[in-house]
């Protein structure tokens with residue numbers, strides 16, 4: 001059976017690790033084993049934090065909506081419940097953007113929510 005020589009493919013594999021771990025301190029960027037371990041950990045962190053980012057963004061949207069709703073004499077839960085009763089189907093991302101950029105439009109949404117709460 002013929003012998004497999006891995007010079008080119010082995011070097012390519014090491015070079016990709018070097019590129020991936022460029023900028024890390026100490027062993028994480030100097031030894032092959034350190035680079036390999038750091039690269040695996042970094043991949044796990046990236047995977048985890050792509051999901052955590054969605055969580056933190058939703059929390060930020062809720063905080064912005066809550067702050068704007070309280071400026072219009074409603075709590076967050078009352079505001080959201082009022083919008084649901086009124087049949088307004090805007091998601092939190094859009095509501096937070098409106099609250100952040102256009103206070104008068106948000107105030108009109110708050111009025112819609114108040115009317116729906118009074119009728120219920």
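The values are calculated or read from the model by the stated rules, or taken from the named source; none is laboratory data. Being a predicted model, the structure only gives us computed values, none of them experimental. Virtual Cβ from ideal backbone geometry, glycine too; neighbours counted across all protein chains shown.
A few comments on the model shown:
- None of 86, 96, 67 is under 14 Å from residue 107 (Cα atoms) and surrounded by 16 or more Cβ atoms within 10 Å (Cβ to Cβ) except 96.
- Within region 1-21, tally of residues that are modelled with pLDDT under 95 and outside any helix (DSSP H, G or I): 6
- Any pair with Cβ under 9 angstrom, 6 or more apart, that starts in region 69-97 at a residue that is free of Cβ contacts under 8 Å to residues at least 60 places away in the same chain and ends at one that is buried (at least 16 other Cβ atoms within 10 Å of the Cβ) and part of a loop (DSSP other than H, G, I, E, B): 79/72; 82/74
- Number of positions in region 85-106 that are under 27 Å from the mean Cα position of the chain (by Cα) and part of a helix (DSSP H, G or I): 13
- When the test is whether a residue is modelled with pLDDT of 95 or more, assigned to a helix (DSSP H, G or I) and within 30 Å of residue 117 (Cβ to Cβ), residue 82 passes it.
- Selection within region 70-79 - surrounded by 11 or more Cβ atoms within 10 Å (Cβ to Cβ) and outside any helix (DSSP H, G or I): 72, 74, 75
- Residue in region 53-60 that is within 30 Å of residue 21 (Cα to Cα) and surrounded by 13 or more Cβ atoms within 10 Å (Cβ to Cβ) present: yes
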